[in-house]
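Written out below as structure tokens is the structure these notes cover.
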Amino acid sequence: MIHRFAGKRVLLTGGASGIGRATAERFAAEGARIVIGDVDLEGASTVAQSLGGKAFSYDARDPAAAGGLVTEAVEVLGGIDILLNVAGIMTWGRFEETSPQAWQRTMDINLSGPFFLIQASIPHLKASKGNVVSVASAGGLHPVYGTSAYGVSKAGVIAITQSAALEFARFGVRANAVAPGGVATPMHEKSSAGGGVDPAIFAEAAGRNMPKLTDRPACTPEEVAAAIAYLASDEARYATGTVLVLDGGQITG
Ligand SMILES: NC(=O)c1ccc[n+]([C@@H]2O[C@H](COP(=O)([O-])OP(=O)(O)OC[C@H]3O[C@@H](n4cnc5c(N)ncnc54)[C@H](O)[C@@H]3O)[C@@H](O)[C@H]2O)c1
């Protein structure tokens with residue numbers, strides 16, 4: 001294992017599960033010190049403890065929670081070198097049936113969450129000449145049938161990444177994103193199992209926007225973690241405002 005993050009102070013969200021958990025494990029294995037913010041405090045604490053880190057309760061729906069999480073992370077770590085926005089929810093629903101509540105919840109967690117967490121972290125990232133990596137989605141670059149609210153929120157994450165890259169480059173702070181297609185995580189399993197969603201949507205979606213690399217199993221959380229780690233490392237020191245797509249060719253048409 002390469003050791004690119006020795007002593008680096010990493011704040012990440014969504015570390016209780018899936019991609020966030022694999023990312024926390026990857027960064028810790030490469031020497032980072034980890035603080036996790038997650039609405040699932042129990043799950044996040046289990047992961048953090050196993051990595052010698054610390055977890056705090058954080059709800060991305062609440063902009064005020066961003067400042068609180070950053071304060072807690074800085075108390076534990078003494079600063080922040082790397083911010084990883086991983087927490088998010090999947091929202092299925094046809095365009096014309098998406099309720100205002102489902103729309104708002106999706107925007108609050110997936111879009112406002114990363115925005116206000118970057119805003120709260122930026123003084124510390126300027127001080128460390130650090131960087132941010134956010135988890136967007138292939139659905140933010142190309143529509144995935146039956147997920148319009150989700151796609152809009154993730155397109156917004158890409159726009160946030162590009163705006164942050166533009167505004168903070170003069171301070172030496174980088175901002176990048178990864179855009180996975182389907183990744184085998186609890187979120188994905190819930191989606192595949194329906195999760196209360198009209199099963200007809202899956203039938204309508206079938207055959208549209210499918211990965212083109214069909215000779216291999218689906219993308220794993222560890223592979224997404226590896227892409228996040230690359231972007232956050234000095235190996236990517238000239239990359240900012242970029243989106244690394246990991247979708248098996250899904251958006252190629
Ligand atoms: N799994 C996929 O196919 C896939 C594809 C593209 C992008 N993504 C994105 O990757 C990220 C991680 O997804 P995952 O598949 O690991 O899902 P997951 O459900 O396994 O994990 C999501 C994590 O986010 C946390 N979370 C949810 N709501 C929160 C809130 N309000 N405040 C704070 N934390 C909250 C959960 O507790 C959990 O730990 C998400 O942003 C998701 O949109 C996933």
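Derivation of every value follows stated rules applied to the coordinates shown; laboratory data play no part. On a predicted model such as this, the values are computed, not experimentally measured, just so you know. Note that we place each Cβ from the backbone using ideal geometry, even for glycine, and neighbour counts take in every protein chain shown.
Would you please give the residues with an amide H less than 5 Å from that of residue 15, counting only those at least 5 places away or on a separate chain, with H modeled from the backbone geometry?
Under 5 Å from the amide H of residue 15: 37.
What FRET efficiency do you get for residue 171 and residue 76 if R0 is 25 Å and r is their Cβ-Cβ distance, rounded to the nearest 0.05? Don't skip to the end; give the middle numbers.
Numbers: r = 24 Å, r/R0 = 0.94.
Efficiency for this residue pair is about 0.60.
Among the trypsin sites (Lys or Arg not before Pro) in the stretch 144-253, which ones are in a DSSP loop with at most 16 other Cβ atoms within 10 Å of the Cβ? Mind listing them?
Counting only loop positions with at most 16 other Cβ atoms within 10 Å, the trypsin sites (Lys or Arg not before Pro) in the stretch 144-253 are 208, 212, 237.
Equivalent-ellipsoid semi-axes (√(5λ), Cα gyration tensor) for the chain, whole Å, largest first?
Sorted largest first and rounded, they come to 28, 19, 18 Å.
Starting from the amide H of residue 132, placed 1.01 Å from N in the peptide plane, find each other amide H under 5 Å away whose residue is 5 or more places distant or on another chain.
Distant-sequence amide H within range of residue 132: 83, 174, 175, 176.
Would you work out the charge dipole size for the chain about its Cα centre, treating the Cβ of every Lys and Arg as +1 and the Cβ of every Asp and Glu as -1, and quote it to the nearest 20 debye?
It works out to roughly 660 debye.
Can you list the HN-Hα couplings for the stretch 149-156, worked out from phi with the Karplus curve (6.51, -1.76, 1.60; θ = phi - 60°), rounded to whole Hz and with x for Gly and Pro?
Ordered by residue, 3J(HN,Hα) equals 4, 4, x, 5, 4, 7, 4, x Hz.
Ignoring everything except DSSP H segments at least 4 long, calculate the 222 nm mean residue ellipticity for the chain; use -39,500 (n - 2.57) per segment, divide by total residues, nearest 500.
-13000 deg cm²/dmol
Grab the other residues whose beta carbon is less than 10 angstrom from that of residue 147, score K and R as +1, D and E as -1, and report the net.
Numbers: positive: 94, 154; negative: none.
After counting each charged neighbour, the total is +2.
Please count, across the chain, the pairs of lysine residues with Cα atoms under 30 Å apart that sit 8 or more places apart or on different chains.
For the chain, qualifying lysine pairs total 13.
Would you work out which of 165, 243, 211 lies farthest towards the positive end of the dipole of the chain, given +1 charges on the beta-carbon of Lys and Arg and -1 on that of Asp and Glu, about the Cα centre?
Highest projection toward the positive end goes to 165.
How much net charge surrounds residue 249 when only other residues with a Cβ under 13 Å from its Cβ are counted (Lys, Arg +1; Asp, Glu -1)?
Net charge around residue 249: 0.
Go through the stretch 68-76 residue by residue and turn each phi into a ³J(HN,Hα) via Karplus (6.51, -1.76, 1.60, θ = phi - 60°); whole Hz please, and just put x for glycine and proline.
x, 5, 5, 4, 5, 4, 5, 4, 6
Could you state the number of Å between the C-alpha centres of the stretch 80-145 and the stretch 184-253?
Answer, in whole Å: 15.
With an 8 Å Cα cut-off and a minimum separation of 6 or more residues, compute the relative contact order for the chain in percent. Let's see the in-between values first.
Numbers: 535 pairs, mean separation 50.5, N = 253.
Relative contact order comes out at 20 percent.
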